[in-house]
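Below is one structure, written out as structure tokens; the observations come after it.
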Amino acid sequence: MVHDHDFKGHLHGDNFQISLVSHSQITRLYSRFTSLDKGENGTLSREDFQRIPELAINPLGDRIINAFFPEGEDQVNFRGFMRTLAHFRPIEDNEKSKDVNGPEPLNSRSNKLHFAFRLYDLDKDDKISRDELLQVLRMMVGVNISDEQLGSIADRTIQEADQDGDSAISFTEFVKVLEKVDVEQKMSIRFLH
Amino acid sequence: MEGTELAGKILSTWLTLVLGLILLPSAFGVSLGISEIYMKILVKTLEGSHRITLFNQPQWATIRIEKGVPKESVKNSASVGIIQRDESPMEKGLSGLRGRDFELSDVFYFSKKGLEAIVEDEVTQRFSSEELVSWNLLTRTNINFQYISLRLTMVWVLGVIVRYCVLLPLRVTLAFIGISLLVMGTTLVGQLPDSSLKSWLSELVHLTCCRICVRSLSGTIHYHNKQYRPQKGGICVANHTSPIDVFILTTDGCYAMVGQVQGGLMGIIQRAIVKACPHVWFERSEMKDRHLVTKRLKEHIADRKKLPILIFPEGTCINNTSVMMFKKGSFEIGGTIHPVAIKYNPQFGDAFWNSSKYNMVSYLLRVMTSWAIVCDVWYLPPMTREEGEDAAQFANRVKSAIAVQGGLTELPWDGGLKRGKVKDAFREEQQKNYSKMIVGNGSLNSESN
């Protein structure tokens, strides 16, 4: 049986927007968390994620799994799990409780873009270098495109985005390139109840 | 001694009752109606408890309404997802964002798909028991339900007493008798020379003992379309949920089992029943040789006097909400395939064997302390491989037929994913599709072909 204190205790004091998630949603997610946790020690490892077949065949599966794990750690607890998932809550959920003085919600447009930026930024230096872009592209296309062609795709992308001439894409430049994209719709997951 | 005399009297009365009320009717395939009365009482109790739940915690009622679940359809309702999955294929999901070339935003599609799979995926949920829409008064299914009312708790306590103190001993006795009779009966019949008398006796023994075993689980089975019952010389395929499937099917007709030789009690049963009629048992080493397996099965079905083979092409137990990939090996043997769909009603007891969580003994104990095992069996019209169809396509066709009849979801995923990793080929396919989109077909690397 799921008791409130099992996870609410973890979430207490965290960003307020997690409390906006309804009780039944938390219950379902906790249920999901425990079913993924084969070791039954309250945390998930990378292997636990890779056991999900649909994630294992995702070309960016490893990068997505990485997003759950803080720097240098190999285990993620339920709070960390919820924090990462919170990026994908629909933006309109924030309308329910406008706290102007609170911290920016994890599922704001800016934070969603930051999530995507971090998928590219392998060394976490707040810049997407040509090398990093190439590596991520290689993950997405596999063996189907030659190095030369991939290189020219990367060069073109950086050229279009780069404004300060450092041959890398900073977060600001990233945001500028994607200003017309409907981030809310493309990076949101809706609960059915 | 007074004590032992009393105990002896109780035991003999008990056994006489069991014999008269259960064993003899089973031998003749007759039902005295006791289990029907039990089921009626059970259904009324569960309905009543459902009403109490709705009365005391109306928010559960609201959730049911939002999900749009009518009261009768317990079948698929619990598999309604918790998130809205975006099922659009890659072309639609990506081209909404831009034209043909690579864009930085392409990563959105993959990350959304990935997160969706993390919250809820189609595959891993099939390897654990189905969630129920309304509580059926068993603690083991009480994940999402909480304390509701005193009345319900008292009903639950009564239920526990009935299940553990009355039903469990009865069921264990019956199971014990059933298995012993099976082993002894088939060994005896095996002494006879091959003749039609032997076949008839062997069928009688199999049928009787399986009926006893099904009674030991309080099994209520509805058979549909009996005219399509598998014939001799054919192959019967069915979806697999638990070892009980074998008993469910054998209660209505005899089959030749196919499987690996096991040790322990299973091995004893296997060695005994193969004396009475030809089942097909393989040694572990033989199982690896696919040609040998196919050859032996071909020989079996070529002999029209032998019973139809029973095969479960999924290869592993699935939780009865879906049908997973049928392994094509069974469909390469040739002959007529008789598909059978088995659907259990989870409200009365969970038949699914989660072999990674429970061993056989704990599983049987759980099943014997449930209310009952209720299921529907549909016999489907026979199918054969068509011209130009290969084994894998044929397997899929049969799988669809079974899924549609049983009201189960059809999945292309391999049941082997319960234990193993998914093949790299699937990821490579995704990568190939994406590559085609951003450079067009002609510019792909030739080494990928």
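Odds and ends about this structure:
- For segment B:280-362, alpha-carbon Rg over 2.2 N^0.38 Å: 1.32
- Per-residue [θ]222 nm for chain B (sum of -39500 (n - 2.57) over DSSP H runs n ≥ 4, rounded to 500): -14500 deg cm²/dmol
- Between segment B:368-433 and segment B:298-319, the C-alpha centres lie 16 angstrom from each other.
- Per residue solvent-accessible surface (Å²) - segment B:151-250, probe of 1.4 Å: 46 Å²
- Spacing of the two label points (7 Å from each Cα toward its C-beta) at A:ARG138 and B:ALA302, in nm: 5.5 nm
- Peptide-level mean, for B:119-129, of C-beta atoms on other protein chains within 10 Å: 4
- The solvent-accessible area of B:CYS375, taken with every protein chain present and a 1.4 Å probe, is close to 0 Å².
- Across peptide A:135-141, the average count of Cβ atoms from other chains found within 10 Å of a residue's Cβ is 5.
- Solvent exposure of segment B:323-449 amounts to 45 Å² per residue of accessible area, where only protein heavy atoms count and the probe is 1.4 Å.
- Here the Karplus curve 6.51 cos²θ - 1.76 cosθ + 1.60, taken at θ = phi - 60°, turns the phi angles of segment A:36-47 into couplings of 7, 7, 5, x, 6, 10, x, 9, 10, 9, 4, 4 Hz, with x standing for Gly and Pro.
- Size of the A/B contact, given as accessible area buried on both chains, probe 1.4 Å, in Å²: 5400 Å²
- Accessible surface of B:LYS113, taken over heavy atoms with a 1.4 Å probe and every protein chain present, rounds to 50 Å².
- In sequence order, calculated HN-Hα J values of segment B:396-410 (Karplus, 6.51, -1.76, 1.60; Hz; x Gly/Pro): 5, 5, 5, 4, 4, 4, 5, 4, 5, 5, x, x, 10, 6, 9
- Accessible area, probe 1.4 Å, largest first, for residues B:MET325, A:MET187, B:MET154: B:MET154, B:MET325, A:MET187
- Efficiency of FRET from Cβ geometry, B:THR384 and B:ASP194, R₀ 30 Å, rounded to 0.05: 0.50
- GluC sites (Glu not before Pro) restricted to segment B:249-323 and DSSP loop, no more than 11 other C-beta within 10 Å: B:GLU283
- Spin-label model, B:PHE426/A:LYS38: points 7 Å from Cα along the beta carbon direction are separated by 1.5 nm.
- Accessible surface ranking that places the most exposed of B:TRP200, B:TRP14, B:TRP135 first, with a 1.4 angstrom probe: B:TRP200, B:TRP14, B:TRP135
- Here the accessible area is traced with a 1.4 Å probe on the protein chains. For the protein assembly as shown, carbon and sulfur cover 57 percent of it.
- Packing here is the average count of other Cβ atoms within 10 Å per residue, and on that basis the peptides B:45-52, B:306-313, A:108-115, highest first, run B:306-313, A:108-115, B:45-52.
The values are calculated or read from the model by the stated rules, or taken from the named source; none is laboratory data. Being a predicted model, the structure only gives us computed values, none of them experimental. A quick note on method: Cβ atoms are made from the backbone with ideal geometry, for glycine too, and the neighbour counts reach across all protein chains shown. Keep in mind that these areas ignore ligands, DNA and RNA; they rest on the heavy atoms of the full protein, side chains included. Shrake-Rupley method; radii C 1.70, N 1.55, O 1.52, S 1.80 Å.
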